[in-house]
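Heads up: the structure comes next, in structure tokens.
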Ligand SMILES: [Zn+2]
Ligand SMILES: [Zn+2]
């Protein structure tokens, strides 16, 4: 038993006493599951699971790699997954969604936080500290109404009376937070489901058009041609999508104004480019954007657009948001998806369409999914085929990215992942366990062999991860060169 209850790095488990299920009950099937393997396999498996940092549905890979001295061509090490338990290497799934993999989603949330913050604070990851003095705002873009829905508490958290009306659909309830009626239409029969789904499906286009209009409106306000404006100013964006309770997507975006001078990509903007000019242009651009949807009419942003300047520093001024608060706020949405509306977090299959209610999906969401399915029929609606509404029915029509940044905003997720890989590799080189990437080449061939744990493995992994506390979460790529075994393989 002591061999089982150890981390891959040899540290003892600490909190097995807190685990609610008797360990013996769990380990029975686990041991049966692992009994086919040698003791070395078990140790290696435990090591792999520890490196997954709590990933719930790891990917299984088969393949091999060869590490070569770049100067001499000498083979320094060979690694093959044939040496691993089941002949497979486990790596993190990297899923962004907390509903799918809490551990990988947490890594994603932290990365997004750093990305947003580095675009606001600068001084790190290639963004100069002077960006703190540039005009910056946090703007929220909403969808228009497609019919009245039950309302929850207002922004200040105070409950309000829902829809106290004498004529038409009404509701005199004061809905508290968590009330499942919030976001559901007062009258589903008259609710504009087609408009709602088409709006979600065009939200990405509305955003793109907004960014074009924003530049035009700012140029016009400054009395410049678009070309002159483009030569002097660069607009940077970082945005995340969030689903409102009614199942419509809206965007939160950090918008930053930089100057463009040769040699200094993120220079201070000219004095006339103020936060007021930026805020006014955002409001007028939002109001001007229109997109025509076939057989429906024009789609536009909702009238409600919040634009709040972001203050440099940490003081919490009443009307100004602080940099840290903004980064936390934006990152919070990065790991959420459409599941707040009770939909599925995966694509819907044809045979599931008649059973959506039985699957526990709320009626309003079922109607949205069915509308997307109907509009997604390429035979009846070839004009909407490019929206691929059946593939995105579970997202209620939205097929855009959940978090996007323009190139100049800050660093990228890829760069952050690479920084973690580099950090791990550096640690291992220092311990004499890996090869210096500057003087070696790795030739690798990997194949996808499946995803997830066996039931026995999953019980044991849950036990291990209850005590895992890794300050640097491993990434999907850093497990690949498997430097720990390279030496032993090479020695064979
Ligand atoms: Zn994962
Ligand atoms: Zn109501």
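Please treat every number below as a calculation from the coordinates, not as lab data. Keep in mind it's a predicted model, so treat the numbers as computed, not measured. Every residue, glycine among them, receives a Cβ derived from its backbone with ideal geometry; neighbour counts consider all protein chains shown.
Summary table
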| read-out | value |
| --- | --- |
| Distance from region 95-170 to region 204-233 (C-alpha centre basis), Å | 24 |
| Global geometry of region 96-137, whether rounded, prolate or oblate, following the gyration tensor of its Cα atoms and the 1.5 cut on a/c | prolate |
| Quotient of Cα Rg and 2.2 N^0.38 Å for region 180-306, N being how many residues it contains | 1.27 |
| Sorted by Cβ density within 10 Å, fewest first, the residues 366, 49 | 366, 49 |
| Region 116-246: relative contact order as a whole-number percent, Cα under 8 Å and 6+ apart | 18 |
| With 5 Å bins from 0: P(r) over region 71-164, alpha-carbon pairs, percent | 2, 9, 8, 8, 9, 13, 14, 11, 9, 5, 5, 3, 2, 2, 1, 0, 0 |
| Reciprocal of mean inverse Cα separation for region 142-249 (Kirkwood radius, Å) | 16.9 |
| Fewest-first ranking of 233, 369, using other Cβ atoms within 10 Å as the exposure measure | 233, 369 |
